[in-house]
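The values are calculated or read from the model by the stated rules, or taken from the named source; none is laboratory data. Everything quoted here is computed from the prediction, not taken from an experiment. Don't worry about glycine lacking a Cβ; one is built from the backbone with ideal geometry, like all the others, and counts go over all protein chains shown.
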Amino acid sequence: MSLRRSIYKSPAQLRAMVEPGLITAAALDAARALIAPGVTTGELDAAASALITARGAKSNFQMVRGYRHTICASVNEQVVHGIPGDRVLEPGDIVSIDAGAEFKGWNGDSAFTVVLDDPSRPEVVAARRQLSDVTEGSLWAGIASLVTAKHLGEVGAAVQGHIEANAPDGGYGILREYVGHGIGRKMHEAPSVFNYRVSDPGPEVRPGLVLAIEPMVVIGDQATFIEDDGWTVSTTDGTAGSHWEHSVAVHDGGIWVLTAPDGGAAGLAPFGVTPVEIV
Ligand code: MG
Ligand code: MG
C-alpha cells in the first residue's frame, strides 16, 4: 500500500507555507547584507542561522543527513553545496548562497548569487554578472511559465529557453545532475523540476503545486565533480557558476513566490505576470 502524499497541497497547507518562505527570505537577506571582501562564508552562515533562530524556525539544511550548516556558500567554480567556513571572500568573487527554514513543520528553500566588485578585473566581473543575471532571469522565466503551463515540463523548457536566448556566444552550461523539487512538509519532495527540456511532460500544473525551482548555470561546460569534502559541486573546467532559487506556489487565484517578500512582483514584471496573494 502506498502512503505517498499527493504532490498537490490544500489551500490551508499553502497558507502554512507563507511564513517559512518569508523566514527563508529574511535569512538570505541577513547573509546578503554581510557579503563583502574580507568576510568569511562562516560569518554569512552565522548571520542566517541567528535570523532563523530568532524567528522561531529551524534550519532545514541542518536536518539533511551529515550536513551541519545553515547555508551553502559556493564561490567561483563552486556551483552548489559549498560548505561555509574559513574561506575569506575576495574582490571579483561570484558567491551563491542557498538556505531554507522550517517553521511549524513546513519548509522554504531559496538561493541567490552576488558578484563582488573588482576594479582590477572588469571583464571577469562583467562576465560573472552576466552569468548571474541570465541565471536569475531563467528562474523568473520558469516561475512565470507556471501561469500558463499545463505540465511541469514546460517550466524546464522556459528556463532553458531563457538561458539560450540570453547567454553570450558559445552559450552557457546547465547542470544536468542537480534539479529543483517539490517542497512542503519536507524540503525535498516529488516531483523533480528540471532546468532543461525533457521528453516526459511531467505532472499537471494545477492549484496546490509547490515547487523549488533552481537553475544552476555555468560559464563553460556543464560537467561537474564533487570535491574531497564530499559536498561541494565544482565545474570540471574551472569556470564560474551561478545558482538562483525560489519556492513558488500555484493556487486557485494564480501564483505566489513564497520566498520573495513581494510574492515575486518585481521579478515577474518583465514577463507580464502579477503574483496573487494566497488568502
Ligand atoms: Mg536550496
Ligand atoms: Mg532546493
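Of all residues in segment 99-136, those satisfying the criterion of being within 15 Å of ligand 2 (Cβ to nearest atom) and either among the aliphatic types (A, V, I, L, M) or under 26 Å from residue 63 (Cα atoms) (or both) are 99, 100, 101, 102, 106, 107, 108, 109, 110, 111, 112, 113.
Can you name every residue in segment 16-66 that is farther than 21 Å from residue 95 by Cβ and either basic (Lys, Arg) or touching a His at 6+ places or on another chain (Cβ under 6 Å) (or both)? Hits for segment 16-66 are 55, 58, 65.
Could you run through segment 226-261 and say how many residues are part of a strand (DSSP E or B), within 16 Å of ligand 2 (Cβ to nearest atom) and over 13 Å from residue 278 (Cβ atoms)?
Within segment 226-261, the subset part of a strand (DSSP E or B) is 226, 233-235, 241-243, 245-251, 254-257.
The next check asks that each one be within 16 Å of ligand 2 (Cβ to nearest atom); those that pass are 233, 241-243, 245-249, 257.
When the remaining residues are screened for being over 13 Å from residue 278 (Cβ atoms), the result is 233, 241-243, 245-246.
Result for segment 226-261: 6.
Condition test on residue 124, is it more than 22 Å from residue 155 (Cα to Cα), under 15 Å from the mean Cα position of the chain (by Cα) and surrounded by fewer than 19 Cβ atoms within 10 Å (Cβ to Cβ)? Answer is no for this residue. On the stretch given as segment 63-77, residues that are among the hydroxyl-bearing types (Ser, Thr, Tyr) and farther than 21 Å from residue 131 by Cα total 2.
Regarding segment 74-92, can at least one residue be identified that is more than 25 Å from residue 239 (Cβ to Cβ) and crowded, with 23+ Cβ neighbours inside 10 Å? Write out each step before concluding.
The initial filter retains those residues of segment 74-92 that are more than 25 Å from residue 239 (Cβ to Cβ), namely none.
Taking every residue of segment 74-92 in turn, none turns out to be more than 25 Å from residue 239 (Cβ to Cβ) and crowded, with 23+ Cβ neighbours inside 10 Å.
In the set 198, 217, 257, only one residue is under 17 Å from residue 157 (Cβ atoms), of a type in the set (Val, Ile, Thr) and crowded, with 17+ Cβ neighbours inside 10 Å; that residue is 217. Checked against (1) within 16 Å of ligand 1 (Cβ to nearest atom); (2) touching a helix residue (DSSP H, G or I) at 6+ places or on another chain (Cβ under 6 Å); (3) farther than 17 Å from residue 150 by Cα, residue 231 meets all criteria but (2).
Quick check on segment 137-171: of everything there that is β-branched (Val, Ile, Thr) and within 16 Å of ligand 2 (Cβ to nearest atom), which residue is nearest to residue 110 (Cα to Cα)?
Kept after step one, since they are β-branched (Val, Ile, Thr), are these residues of segment 137-171: 143, 147-148, 155, 159, 163.
This time we only want the ones that are within 16 Å of ligand 2 (Cβ to nearest atom), so: 143, 155, 159.
Working: 143: 13, 155: 17, 159: 16 Å.
Among residues in segment 137-171 that are β-branched (Val, Ile, Thr) and within 16 Å of ligand 2 (Cβ to nearest atom), the one nearest to residue 110 (Cα to Cα) is 143.
Scan segment 103-114 residue by residue and report those that are under 18 Å from residue 140 (Cβ atoms) and either away from ligand 1 (no atom under 16 Å from the Cβ) or not in a strand (DSSP E or B) (or both).
Step one: of segment 103-114, the residues under 18 Å from residue 140 (Cβ atoms) are 108-114.
Selection gives 108, 109.
Can we say residue 174 is within 16 Å of ligand 2 (Cβ to nearest atom), touching a helix residue (DSSP H, G or I) at 6+ places or on another chain (Cβ under 7 Å) and under 19 Å from residue 201 (Cα atoms)? Taking the combined requirement at face value, the residue does not satisfy it. Applying a threshold of 9 Å to beta carbon distances and a minimum spacing of six or more residues, or different chains, the list of pairs starting in segment 24-40 at a residue that is at negative phi and ending at one that is of a type in the set (Val, Ile, Thr) and in a loop (DSSP other than H, G, I, E, B) reads 24/259; 25/259; 27/70; 28/259; 31/70.
Filter segment 38-61 for residues that are among the polar types (S, T, N, Q) and within 15 Å of ligand 2 (Cβ to nearest atom); which is surrounded by the most Cβ atoms within 10 Å (Cβ to Cβ)? Out of the qualifying residues, it is 60. The selection criterion, being modelled with pLDDT of 95 or more, away from ligand 1 (no atom under 16 Å from the Cβ) and either touching a Gly at 6+ places or on another chain (Cβ under 8 Å) or not hydroxyl-bearing (Ser, Thr, Tyr) (or both), does not hold for residue 175.
Can you tell me which residue in segment 195-225 is farthest from the chain's Cα centre (by Cα), limited to those that are in a loop (DSSP other than H, G, I, E, B) and among the polar types (S, T, N, Q)?
Filtering segment 195-225 down to residues in a loop (DSSP other than H, G, I, E, B) leaves 195-203, 205-208, 214-215, 219-223.
Those still in the list that are among the polar types (S, T, N, Q) too: 195, 199, 222.
On the way: 195: 11, 199: 24, 222: 18 Å.
So, considering only residues that are in a loop (DSSP other than H, G, I, E, B) and among the polar types (S, T, N, Q), the one farthest from the chain's Cα centre (by Cα) is 199.
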